[in-house]
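See below for the structure under consideration.
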Amino acid sequence: MGQCRDEIVAWVGSNIVPHEAALRAWLGRLSASQDEINDIVQDAYLSIARLSSVAHIRNPRNYLFQAAKTAVLVRLRRERIVRIDRISEMELLSIADGDPGPERRTSARLELERVRRLIAALPDRCREIFELRRIQGLPQKEIAQRMNLPEHIVEAQAVRGLKLILKAIANEDAAIDASPRSQGEGGRDANRNG
């Protein structure tokens, strides 16, 4: 069952329109003229406007870019003679896919687990304030009221939590860089003497 037109228009306004500038910048890097960019953006919006529902769209930015990519490809197919610079543009289209790929997804998941572990290691009050402020996005004033603390304490604890996490990340990264495994067998000096 489709959505009503007003719902789709509102969804496009809040989920697609904010990405239009990034799309135009990307199209500009493809050496498209301003008129071509306007036409491609219009074609992308038109393809989205034709949908009976937007409920299936999980990543609006990627969907907009994919709709624009399709519009570019349709335009290129319509041209009788494809200019040589268009061939490189077609190659760029494959790069612009917003899907991070399995390696980046795995890396992001591992980094998220690492940050969660570091947050869990914060002192109790610091962790609670950090989570309320940075994860849940609550205003400092609301946290202060909720925890019956002065606002400057909330601010200081949120900053302290961030500094502790950043320091722990730096220390872990330095330990990884210094490990023999990251330097190859025998460490850095083995390569100089060999």
With DNA, RNA and ligands ignored, accessible area of residue 70 (1.4 Å probe; Å², nearest 10):
70 Å²
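What order, most packed first, do the peptides 6-12, 111-117, 165-171 have when packing is the mean number of other Cβ atoms within 10 Å of each residue? Display every interim value, and only then the final one.
On the way: 6-12: 14.6, 111-117: 11.4, 165-171: 13.0.
Top to bottom by mean Cβ count within 10 Å: 6-12, 165-171, 111-117.
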For a label point 7 Å along the Cα-to-beta-carbon line of residue 153, residues of the range 106-144 with backbone N under 17 Å
123-133, 140-144
Once both label points are put 7 Å beyond Cα along the C-beta direction, the residue 52-residue 75 separation in nm becomes 3.0 nm
Pull up all non-local amide H partners of residue 54: gap of 5 or more, or a different chain, and H-to-H distance under 5 Å with H placed in the peptide plane.
3
Please work out how much length the chain gains when fully extended from residue 146 to residue 163, using 0.36 nm per residue of separation minus the C-alpha to C-alpha distance, in nm with one decimal.
3.8 nm
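The values are calculated or read from the model by the stated rules, or taken from the named source; none is laboratory data. What you see is a predicted model; the values in this text were computed from it and never measured. Because the Cβ atoms are built from the backbone with ideal geometry, glycine has one as well, and the counts that use them run over all protein chains shown. In case anyone asks, the SASA skips ligands and DNA or RNA and just uses the protein heavy atoms, side chains included. Shrake-Rupley method; radii C 1.70, N 1.55, O 1.52, S 1.80 Å.
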